[in-house]
Structure formats: C-alpha cells, structure tokens
Amino acid sequence: MNKKLSLLFKGSATLATLSLLGACAGDTADTDTDSDAGSNGSDASVEELSVWIMGDGNEQAQEIFDAYTEETGIDINLQSIPWASSHDRLLTAVASGDGPDVVQMGSSYMAEFTDAGALADLTEHIEASDSLNADNFYEGNINTTRIDDAYYGVPWYTETRALYYRTDLLEEVGYPDGPNTWDELSDAAMQLSERGDDMYGFDINFEEQTFGFMFARQNGSEIITEDGQAVINEPEFVEAIDYLKGFVDNGSSPSQDLGLELSQTFGGEGVVPMFISGPWTMSNIQNETTDIEGKWSVRTLPEGPENNMSNTGGANLSVWSSSENVEEAVDLIEHMTSTESLLTYYENTSSLPARTAAWEEEPFQDELIEVFGEQLESSEHMPVIKEWDAISQGYLSTFESILIGGADTQEALDNYNAEVQSMLD
C-alpha cells in the first residue's frame, strides 16, 4: 500500500483491451459460524480445484484452502496473481479459454469479463443457497455481481472510504468529532490552513478515479442513467466539482501531491490533518505515526446536500465459464465466504467481510472498524459497465484540468460527458 495519502488503483483497462475482450466473447440459513459451509455438494470424484486469487502471495489465504481440503478431501491448486498484472492475465485466459475453476474478480472487472463470456452465470446456484443468498451481503457489493438480472459472482470482501482526521487539531478549530457537513468540512479546512505557510486542512485526491464521483453523488448527481445517458455535466455534478475546486483555490488543500510520507503529512504537526481513505490506512497510521497515538480518529463522511454517500469496492468470487466443476466450485465459494473463513482472511489481510453477519463478530466491534461498517450502509459502487475503466481514466485528466489547469468546469465536463456518451453509444 502506498504510504502517501493518494491511493493508486490497481489495474486498468484500455479501449483496445475492451475491444479485444468483445472479440473474444463469443444450504441452510447463514449463521455466525456457518459451520456447514464447504460441505455441501462436494463430489468425491473431483480431486482438485484450481483457484486464482489476486495479491502478492498465497500465504494470506492458504489457511482457508487447507481447511477446505481437510473437510472435503479436494486439493486446491492455488495461484496468486499480482494485481498489477491481473487484468492481462485474465484477458489471456479469455483468449485461450483456459481459466481456473474459481477466480477472484475486482468489482470493477465484473461487467467487462461477464460481457466477454468469461464468467459463469451463478443465478440458479445462488438462489438455491440460503448461505449465498443476496440478502446475506451488503447491497453495494451484491450490485457488482448482478448484471442484466443475473448473478456472476459472490461478494468476498468489501471496502469503503471514510474521513480520517486529527482529533487534537480539529478540536482547536471547533470540530472535536470532525466535520458533519460539507459546510463544516470547508470551514474546518480553511481554519486549519491558516496555521502558517505550507499548512493545509483537507486532502483532495487527484489520483483516485472515484473521488469526484463520490462528492457528486453526495450532491444528488447520477453518473449514468438507467437508459444509458451520461449526466456528468448536469448541475449536480458541476456543483460538486466546483465545491472541491474551492479547497484548492483558497489554499486549504494542496494542488499537487506533496511527495511526503504519511508520517510527515498526517503525523507531526499535521500538514494535512484530514483526508479520505479506506480501512487499509489504519495500520499504516498505527505503524508510521506513533507520535500521534490517541490524537486521530475516523468518522463517516460529512453529509453533502443530499447524503454522505461513499464508494464501495472490494472483490468477488466467480466461476470461470469453462470450468467442468461448477458444483464443486460453488461449494468452495460457499466455504470461502463463510463467517469463519472471512474472520481468518481478515486476521491475515485486514480485508473487511462483505457478509453482513460477520460484522457481529468481536474483531468488528472495534470503534474505528465500526465506522466503516456504518459507512457501508451509505455506500454505492461505480456503474457496473464494461466501459467503466476507460471512463474513469478520462475523469482523472478532466478533474486535473479543472482543479489545477484552470479549465472552466462546465466546459470541461461538457466535453468529458460527450466522450463518455460516445463510449456508451
């Protein structure tokens, strides 16, 4: 994980990739323990299942698969694929037709690879399983698995974004619990920036592809309508981008990456004492900013004019369409998404469970973790469409041209909206 405030998203698709993909296309109710997960539908004639997970090694998930093998006798051929090369590896599998039985899919990949015919339709299996039923998972995550009224995956882990803030510094400007609204966020940031030269209040993330969309939704904006019309240049979206531009214009947000470590920006004097990020940042703060122990916290996002909507991300588990072991693959997914397995995975990776019942377990009663659970109730995924990666890349350049380059907001968003609509058409 990058130690700077800005989060670099892992993996992106290009229009050429999208074109190639198109050419290649041709239980019992869930309980806190899920003690039966992994034992249904196993076929003794299946000796091995192949699984691809994304990451830097098998160690984090190996314990989960060892438990499955011990319970069922089915060996797991596990391959770990770095996120940076995951999209290309999946694309190669589409072209060759040679994929795994179970594959971890980034939520932003779902529409693209479903459209390519790479993922099996699991609707029948999910609707027949009390454990895998959609009601057991956060709606924002379920919506990334459902395309054209069919299910092509099961949510595994989830994430969302909340507001990190220095409690000591925010108390000095009248917001000991952090800002509750957009107006309070602006006021707190302005006051904090007045502490001296090279001091700021709030970080605007220029490298996160969902940042502006998140604020636009808080202002009541849609992104793409149900009938496929881009509305990124409508007043609600324009107002949200202008709101963010105001932080840069008045100096309460830096206009570029400061090139500093987290210990220098959030720790110490608190050069940037408020920023938005996900749960993964907590361990970075705890490990790198020991000088501010007890002087920081996390809260749900400040309320915009319409809501405090955050963005939902995470990963799903799918069955490759060429798998000859669909029943067993679904059974393995049921084991992987059981509360017991999710607890193991959280202990090894700090990844938050997408299964809501798992949040009743002790590790998720921590008050900081609970904030993300609360924020998940007001979180939404980006549009589940195959063009999304290309659309989000275009956003980055447009956003920068407005906030840094001085482009007129309405004009820049008009041009961007036209580009998006051409992709959709």
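A few remarks follow.
- Count of residues meeting criterion [within 16 Å of PHE266 (Cα to Cα) and part of a loop (DSSP other than H, G, I, E, B)] in the stretch 174-195: 2
- Given (1) modelled with pLDDT of 95 or more; (2) surrounded by 14 or more Cβ atoms within 10 Å (Cβ to Cβ), index of the condition MET54 fails: (1)
- Residue selected from the stretch 338-371 under the condition crowded, with 17+ Cβ neighbours inside 10 Å and among the charged types (D, E, K, R), by the criterion nearest to the chain's Cα centre (by Cα): ARG355
- With respect to the conditions (1) surrounded by 20 or more Cβ atoms within 10 Å (Cβ to Cβ); (2) not assigned by TED's automatic domain parsing to the domain that holds GLU222, GLU374 falls short on a single one, namely (1).
- Looking across the stretch 377-388 at every residue that is acidic (Asp, Glu) and out of contact with any Leu (no Cβ under 8 Å at 6 or more places or on another chain), the one that is surrounded by the most Cβ atoms within 10 Å (Cβ to Cβ) is identified as GLU380.
- Checking GLY38 against (1) touching a His at 6+ places or on another chain (Cβ under 6 Å); (2) modelled with pLDDT of 90 or more, the condition it does not meet: (2)
- Residue within the stretch 382-397 that is charged (D, E, K, R) and either touching a Gly at 6+ places or on another chain (Cβ under 6 Å) or at pLDDT 95 or above (or both) present: no
So that you can scan it fast, the table gives a plain yes or no per residue for (1) in contact with a His (Cβ under 6 Å, 6 or more places away or on another chain); (2) at pLDDT 95 or above; (3) not basic (Lys, Arg):
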| site | (1), (2), (3) |
| --- | --- |
| GLU327 | no, yes, yes |
| GLU334 | no, yes, yes |
| THR339 | no, yes, yes |
| LEU342 | no, yes, yes |
| TYR346 | no, no, yes |
| ARG355 | no, yes, no |
| GLU380 | no, no, yes |
| SER401 | no, yes, yes |
| THR409 | no, yes, yes |
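The values are calculated or read from the model by the stated rules, or taken from the named source; none is laboratory data. As the structure is a prediction and not an experimental result, all values here were calculated from the model. FYI the Cβ positions are ideal-geometry reconstructions off the backbone, even for glycines, and counts take in every protein chain you see.
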